[in-house]
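Chemist: Shown below is the structure under consideration.
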Amino acid sequence: MKIAITKADTLKKHPDDSNLGFGTYFTDHMFNMDYNPEKGWHNPRIEPYGPMQMDPSTMVLHYGQAIFEGLKAYKTESGEINLFRPKDNLRRFNNSGHILCIPELDEDFVLKALFTLLEIEKGWVPGEPGTSLYIRPTIIATDPYIGLRSSNTYRFFIILSPVGAYYPEGFDPVKIWVTTKYVRAVRGGVGEAKTAGNYAASLYATELAQKEGYTQVMWLDGVELKYVEEVGSMNIFFAIGDELITPELNRSILPGITRDSVIKLAKSWGIRVTERKISIDEIYAAHASGELKEVFGSGTAAVISPVGAIKFDDKVITIGDGSVGPLAARLFNTLMDIQYGKAEDPFEWILPVEK
Ligand code: COI
């Protein structure tokens, strides 16, 4: 399929790289492609970024049949643009699509489309340390129909946003609130899909946490409210004794690509990494015995986010001395160095953008 390109008549003023925040600026162009049962995915095109006209009955607005991804493009010192594990994102995108009854995309074609879009928008990849161009591929159900079924038609789009740190704390430790009442996802549900509804389901408890002065919610499993699943928009790791533990993928946890990168890096450093169930009681017991060394989250947007304090059932624990732990710092620095092309890439995670 040939990608049609329509360039914007006027280009936007670029924001100040040192004050980007997260997710508020968008580049000049976006990629669009449509699906219908007769033509399959068709009409791939790059167009000026702008509003989409939608019928009020458009299915995604009512039933949330939507999936998305998040990945980043990084500018290296020599000015090249690196993508980090984009093929893994596209594989997960199709897996989310499968769970949400959304037709499969040709991953090779989408990667080519992303390269084409990035070639046009490469001037938007910010250069300040810690900044990147966040890439948000999304598919929404577009039938104008309000009966409940999966849509017959879809829109796939990719938008780009120059970003800095996700959390206002930057790399400073965040405070996490464990909810004993609300759950993000349940066994047999859609928890492992990157779908809009999972994020909508997280909002209420997150607001409660924020009212108490906590940045994010730590979710426990939806059946027993006992085992840790994930944190806000990240996967979670606990360094207890000489073991690095992260909850096993049980189909209600998002299979994070940064999570997988942390596991692979830590194992390559000789650290014993275990993917298993871990209860909140075990974490508190490890804290009481002095074995809980570090807690940190991982995610594309957040990269590595150290946790400084946890509140569960009115009991607050401080992790270590509340500052960034050495393992979180080593992982953060190594990941960033690989992403920005400053360190060796032993796992071949980097894909430079091809012209
Ligand atoms: C990401 O980490 O890329 C996400 O999609 C999380 C989102 C809440 C920003």
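Chemist: Right, Pro346: away from the ligand (no atom under 16 Å from the Cβ), more than 17 Å from Met218 (Cα to Cα), open to solvent by 20 Å² or more (accessible area, probe 1.4 Å) and not assigned by TED's automatic domain parsing to the domain that holds Val178 or not? Break it down stepwise before answering.
Modeler: On the way: away from the ligand (no atom under 16 Å from the Cβ): yes; more than 17 Å from Met218 (Cα to Cα): yes; open to solvent by 20 Å² or more (accessible area, probe 1.4 Å): yes; not assigned by TED's automatic domain parsing to the domain that holds Val178: yes.
Yes; evaluated as a whole, the condition is true for this residue.
Chemist: While we're here: Please go through the stretch 256-293 and give me each residue that is in a loop (DSSP other than H, G, I, E, B), farther than 22 Å from Met336 by Cβ and either in contact with a Ser or Thr (Cβ under 9 Å, 6 or more places away or on another chain) or in contact (Cβ under 8 Å) with a residue 60 or more places away in the chain (or both), ordered by number. Steps first, answer last, please.
Modeler: Step one: filter the stretch 256-293 for residues in a loop (DSSP other than H, G, I, E, B), giving 256, 269-271, 276-278, 289-291.
Those left that are additionally farther than 22 Å from Met336 by Cβ: 276-278, 289-291.
Once the filter is applied, which keeps residues that are in a loop (DSSP other than H, G, I, E, B), farther than 22 Å from Met336 by Cβ and either in contact with a Ser or Thr (Cβ under 9 Å, 6 or more places away or on another chain) or in contact (Cβ under 8 Å) with a residue 60 or more places away in the chain (or both), the stretch 256-293 yields Arg276, Ile278.
Chemist: Could you identify the single residue in Ala266, Ala288, Ala301, Ala309 that is surrounded by fewer than 16 Cβ atoms within 10 Å (Cβ to Cβ) and among the aliphatic types (A, V, I, L, M)?
Modeler: None of the others qualify; the one that does is Ala288.
Chemist: Just checking, which of Glu169, Glu224, Glu192 is without any contact (Cβ under 8 Å) to a residue 24 or more places away in the chain and not in a strand (DSSP E or B)? Show your work before the answer.
Modeler: Working: Glu169 fails: without any contact (Cβ under 8 Å) to a residue 24 or more places away in the chain; Glu192 fails: without any contact (Cβ under 8 Å) to a residue 24 or more places away in the chain.
From the options Glu169, Glu224, Glu192, the qualifying one is Glu224.
Condition check ((1) among the charged types (D, E, K, R); (2) more than 17 Å from Leu71 (Cβ to Cβ)) across all residues:
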site	(1), (2)
Leu265	no, yes
Ser268	no, yes
Thr274	no, yes
Tyr284	no, yes
Asp314	yes, yes
Leu335	no, no
Ala343	no, yes
Pro346	no, yes
Leu351	no, no
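Chemist: Can I ask one more? Taking the stated definitions as given, is Pro162 surrounded by 15 or more Cβ atoms within 10 Å (Cβ to Cβ), in contact (Cβ under 8 Å) with a residue 40 or more places away in the chain and closer than 22 Å to Lys211 by Cα? Steps first, please.
Modeler: Numbers: surrounded by 15 or more Cβ atoms within 10 Å (Cβ to Cβ): yes; in contact (Cβ under 8 Å) with a residue 40 or more places away in the chain: yes; closer than 22 Å to Lys211 by Cα: no.
Answer is no for this residue.
Chemist: Could I ask something else about it? With respect to Gly97, determine if the residue is open to solvent by less than 20 Å² (accessible area, probe 1.4 Å) and modelled with pLDDT of 95 or more. Steps first, please.
Modeler: Values: open to solvent by less than 20 Å² (accessible area, probe 1.4 Å): yes; modelled with pLDDT of 95 or more: yes.
The answer is yes for Gly97.
Chemist: Return the residues of the stretch 191-228 that are away from the ligand (no atom under 14 Å from the Cβ) and within 17 Å of Ala302 (Cα to Cα); say none if nothing qualifies.
Modeler: The answer is Tyr214, Met218.
Chemist: In the stretch 217-233, what residues are open to solvent by 20 Å² or more (accessible area, probe 1.4 Å) and under 12 Å from Thr179 (Cα atoms)?
Modeler: Here is the first cut: in the stretch 217-233, the residues open to solvent by 20 Å² or more (accessible area, probe 1.4 Å) are 222-227, 233.
Gly222, Leu225, Lys226, Tyr227 - these are the residues of the stretch 217-233 that are open to solvent by 20 Å² or more (accessible area, probe 1.4 Å) and under 12 Å from Thr179 (Cα atoms).
Chemist: Here's something else I'd like to know. Hey, can you tell me all the residues within the stretch 127-158 that are open to solvent by less than 30 Å² (accessible area, probe 1.4 Å), in a strand (DSSP E or B) and either touching a Lys or Arg at 6+ places or on another chain (Cβ under 7 Å) or within 16 Å of the ligand (Cβ to nearest atom) (or both)?
Modeler: Initial filter on the stretch 127-158 (open to solvent by less than 30 Å² (accessible area, probe 1.4 Å)): 131-135, 137-141, 143, 147, 151, 154, 156-158.
Then keep just the ones that are in a strand (DSSP E or B); that gives 132-135, 137-141, 154, 156-158.
Residues satisfying the conditions are Ser132, Leu133, Tyr134, Ile135, Pro137, Thr138, Ile139, Ile140, Phe157, Ile158.
Chemist: Going through Thr58, Thr27 one at a time, which residue ends up being in the same structural domain as Thr116 (by TED's automatic domain parsing), under 14 Å from Arg155 (Cβ atoms), buried (at least 16 other Cβ atoms within 10 Å of the Cβ) and more than 16 Å from the ligand (Cβ to nearest atom)? Step through it out loud before you land on a result.
Modeler: On the way: Thr27 fails: under 14 Å from Arg155 (Cβ atoms).
From the options Thr58, Thr27, the qualifying one is Thr58.
Chemist: Tell me, yes or no, whether the stretch 38-45 has at least one residue that is within 16 Å of the ligand (Cβ to nearest atom) and not hydroxyl-bearing (Ser, Thr, Tyr). Working first, answer last.
Modeler: Narrowing the stretch 38-45 to residues within 16 Å of the ligand (Cβ to nearest atom): none.
Taking every residue of the stretch 38-45 in turn, none turns out to be within 16 Å of the ligand (Cβ to nearest atom) and not hydroxyl-bearing (Ser, Thr, Tyr).
Chemist: Could you check the stretch 234-245 and list, in sequence order, the residues that are within 16 Å of the ligand (Cβ to nearest atom) and either surrounded by fewer than 22 Cβ atoms within 10 Å (Cβ to Cβ) or over 12 Å from the mean Cα position of the chain (by Cα) (or both)?
Modeler: Once the filter is applied, which keeps residues that are within 16 Å of the ligand (Cβ to nearest atom) and either surrounded by fewer than 22 Cβ atoms within 10 Å (Cβ to Cβ) or over 12 Å from the mean Cα position of the chain (by Cα) (or both), the stretch 234-245 yields Ile236, Phe237.
Chemist: Among the residues of the stretch 9-31, is any in contact with a strand residue (DSSP E or B) (Cβ under 7 Å, 6 or more places away or on another chain), polar (S, T, N, Q) and more than 25 Å from Gly127 (Cα to Cα)? Explain how you work it out, then say what you get.
Modeler: The first filter runs over the stretch 9-31 and keeps only residues in contact with a strand residue (DSSP E or B) (Cβ under 7 Å, 6 or more places away or on another chain), leaving 15, 20, 22-23, 25-31.
If we keep only those that are polar (S, T, N, Q) as well, we get 27.
So of that shortlist, the ones also more than 25 Å from Gly127 (Cα to Cα) come out as none.
There is no residue in the stretch 9-31 that is in contact with a strand residue (DSSP E or B) (Cβ under 7 Å, 6 or more places away or on another chain), polar (S, T, N, Q) and more than 25 Å from Gly127 (Cα to Cα).
The values are calculated or read from the model by the stated rules, or taken from the named source; none is laboratory data. The shown structure was predicted, so the numbers you read here are calculated from the model rather than taken from an experiment. Positions of Cβ are generated from backbone atoms using ideal geometry, with glycine treated the same way; all protein chains shown enter the neighbour counts. Surface accessibility is based on the protein's heavy atoms, side chains included, excluding ligands, DNA and RNA. Shrake-Rupley method; radii C 1.70, N 1.55, O 1.52, S 1.80 Å.
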